[in-house]
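Read the structure below first, then the notes.
The values are calculated or read from the model by the stated rules, or taken from the named source; none is laboratory data. Quick caveat: nothing in here was measured; it's all calculated off a predicted structure. Backbone-built Cβ (ideal geometry, glycine too); neighbour counts: all protein chains shown. Heavy atoms of the whole protein, side chains included, go into the accessibility calculation; ligands, DNA and RNA do not. Shrake-Rupley method; radii C 1.70, N 1.55, O 1.52, S 1.80 Å.
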Amino acid sequence: MSSQKAERQLKVSVWRGADAGQFETFEVPQHDSQTVLDIVSWIQHNADPTLSYRFACRVGMCGSCAMMVNDEPRWTCRTHVNKVARDGELKIGPLRNLPVVKDLATDMDPFFDKWTAAEAHHHPSADRHDLMAPVDMQSADRVAANTAIECINCAVCYAACDTVAGNPDYLGPAALQRAWTLIKDEKDSGREDILAAISGTGGCHNCHSIGSCTQYCPNELDPLSAIANLKRETVKNWWKRNA
């Protein structure tokens, strides 16, 4: 009888196909310090080379490997199997609230289209010929803006958001959080355009304040607070314009 310890196996259900696909089950060797992305890569390398998924950095900097793991959105490169596997089983699917291109890869266009709709892009207040204005890094506005600038567009908060799931017009937590950073950025000249964009249909007042966006953000950002701040700013702006 061999003295070697029997290899542990993990039963992994992986989404296959597009929006109308189904889960397929694989038996995968389980090892210590194994990540969910390691599991997906093993399946693609050893069991089915047609499996489609995204990843790049593998160290939690790009966010491209985000997937649903046991129905929760996570960066798979930073999620260890021994923390999420349930009774030797694991379920991996594409991010919720986005169209599925194939298997675990989603179409990110709707996510970024909402950034555009929220005016969540820099509006220059100067050009290359102007002197660079000094920025007081200790000012209240700069401190407020800095709390949200580490978003890497992974769409985990978007996938976690039940309001997005029920309201396709809702701009979503990432776009609204970015809008908040720009409103507090003294170098941005688009305050009125941003407030108009996030006050209308699908804007910040559609948020139900459930807080899943903040709960699941891998970078420990707080979109819920940013959206609450936007609600206050839009109300103040309305009173200012209609007083």
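Tell me, which residue of the stretch 164-180 that is free of Cβ contacts under 8 Å to residues at least 60 places away in the same chain and surrounded by fewer than 20 Cβ atoms within 10 Å (Cβ to Cβ) is nearest to ALA120 (Cα to Cα)? I'd like the intermediate steps shown before the answer.
Taking the stretch 164-180 first, the residues free of Cβ contacts under 8 Å to residues at least 60 places away in the same chain are 166-171, 173, 176-177, 180.
Those still in the list that are surrounded by fewer than 20 Cβ atoms within 10 Å (Cβ to Cβ) too: 166-169.
On the way: GLY166: 22, ASN167: 20, PRO168: 18, ASP169: 16 Å.
Out of the qualifying residues, it is ASP169.
ALA105 - would you say it is crowded, with 18+ Cβ neighbours inside 10 Å, small (Gly, Ala, Ser) and under 17 Å from ARG178 (Cα atoms)?
Values: crowded, with 18+ Cβ neighbours inside 10 Å: yes; small (Gly, Ala, Ser): yes; under 17 Å from ARG178 (Cα atoms): no.
No, not satisfied.
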Name, by its number, the condition in (1) in contact with a Leu (Cβ under 7 Å, 6 or more places away or on another chain); (2) open to solvent by 70 Å² or more (accessible area, probe 1.4 Å); (3) among the charged types (D, E, K, R); (4) at pLDDT 95 or above that does not hold for GLU150. (4)
Log entry, pairs with first residue in the stretch 110-125 being within 15 Å of ASP185 (Cβ to Cβ) and open to solvent by 70 Å² or more (accessible area, probe 1.4 Å), second being acidic (Asp, Glu) and not in a loop (DSSP other than H, G, I, E, B), beta carbons closer than 9 Å, six or more apart or on different chains, reads HIS122/ASP188; PRO124/ASP188; SER125/ASP188
Pick out, from the stretch 136-243, the helices (runs of 4 or more DSSP H) lying fully within it that include 3 or more residues that are within 12 Å of the chain's Cα centre (by Cα). 156-160, 173-183, 212-216
Flagged pairs (Cβ under 8 angstrom, 6 or more apart or on separate chains; first in the stretch 52-81, outside the structural domain of CYS161 (by TED's automatic domain parsing) and open to solvent by 10 Å² or more (accessible area, probe 1.4 Å); second acidic (Asp, Glu) and modelled with pLDDT of 95 or more) are SER52/ASP103; TYR53/ASP103
(1) open to solvent by less than 70 Å² (accessible area, probe 1.4 Å); (2) closer than 30 Å to ALA56 by Cβ; (3) touching a residue at least 40 places away in the same chain (Cβ under 8 Å): which one isn't true of ARG142, the others all being true? (2)
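What number of residues in the stretch 82-93 are open to solvent by 20 Å² or more (accessible area, probe 1.4 Å) and in contact (Cβ under 8 Å) with a residue 24 or more places away in the chain? Talk me through it step by step, then tell me what you get.
Kept after step one, since they are open to solvent by 20 Å² or more (accessible area, probe 1.4 Å), are these residues of the stretch 82-93: 82-83, 85-89, 91.
When the remaining residues are screened for being in contact (Cβ under 8 Å) with a residue 24 or more places away in the chain, the result is 82, 85, 88-89, 91.
The total comes to 5.
So which helices (runs of 4 or more DSSP H) stay within the stretch 19-117 end to end and still have 3 or more residues that are more than 30 Å from ASP193 (Cα to Cα)?
Working: elements: 36-42, 81-84, 109-117.
Qualifying helices (runs of 4 or more DSSP H): 36-42, 81-84.
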